[in-house]
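What follows is a short report on a single structure.
The values are calculated or read from the model by the stated rules, or taken from the named source; none is laboratory data. Treat the numbers as computed from the prediction; the structure is a model and nothing was measured. Cβ atoms come from the backbone with ideal geometry, glycine included; neighbour counts cover every protein chain shown.
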Amino acid sequence: MRIAVLALQGDFAEHEAIFGRLGVATCQLRQKQDLQQDFDALVLPGGESTVQGKLLRELDMLHKLRQRILAGLPVMATCAGTILLAQQLLDDPTVHLGTMGISVRRNAYGRQVSSFGTCGTFGSIENVPMRFIRAPQIEFCVPGVEVLSEHDGRITAVRQGRQLAMTFHPELGTDCRIAEYFLNEIIGAK
Ligand code: GLN
């Protein structure tokens, strides 16, 4: 089993480190030909969604990745990755991959409190450290999207079929339980 991590920009190395701790092999997607590698799942890291989206288009990777996700490739997205998956961005006409039935507002927490850490519940997993960095907010979900986590009345993690998206960064730190959830409940459920 191998997990591909989009490695154009952002904190892809931290995601690779978490899966490395779990003994799961990863490979990087840096250019179009990397999509020909064998991989069973995809991780979209945090970072800057406008830069990642622009590079995905310039490198001609966007369409192929969208097709793979729509065909059932399991995907885990954090923060900017969630913005890439959203079918709609509020206050922004851009759609990147657009495979997930969520509407997302970028930088929703405002400047003053744009970065903070907390602990929360994710599905049945308790006390998960959650780091929010210039985080977006998931404001609407279509029916069939399951809410897995909320903080202060705001949705912070969702699942739709084999797509998992969150607005915080579970990969910053040493807690591997969300990566394990992805491995067991989403990839394993294939
Ligand atoms: N604010 C960033 C964006 O709009 C996301 C921040 C993050 O990934 N930590 O892409």
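Conditions (1) over 26 Å from residue 184 (Cβ atoms); (2) at pLDDT 95 or above; (3) more than 15 Å from the chain's Cα centre (by Cα), marked per residue:
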site: 65; (1), (2), (3): no, yes, no
site: 69; (1), (2), (3): no, yes, no
site: 100; (1), (2), (3): no, yes, no
site: 123; (1), (2), (3): no, yes, yes
site: 137; (1), (2), (3): yes, yes, no
site: 156; (1), (2), (3): no, yes, no
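All conditions in (1) under 14 Å from the mean Cα position of the chain (by Cα); (2) part of a strand (DSSP E or B) hold for residue 186, with the sole exception of (2).
Within the stretch 20-44, the set of residues being over 24 Å from residue 70 (Cα atoms), in contact (Cβ under 8 Å) with a residue 12 or more places away in the chain and not in a loop (DSSP other than H, G, I, E, B) comprises 21 only. In the stretch 47-54, is there at least one residue being crowded, with 16+ Cβ neighbours inside 10 Å and either farther than 14 Å from residue 96 by Cα or more than 16 Å from the ligand (Cβ to nearest atom) (or both)? Yes, the conditions are met somewhere in the stretch 47-54. Residue 102 meets all of the listed conditions (1) in contact with a Cys (Cβ under 8 Å, 6 or more places away or on another chain); (2) within 12 Å of the ligand (Cβ to nearest atom) but one, namely (2).
The requirement of being more than 23 Å from residue 152 (Cα to Cα) and among the small types (Gly, Ala, Ser) is fulfilled nowhere in the stretch 101-122; no residue meets it.
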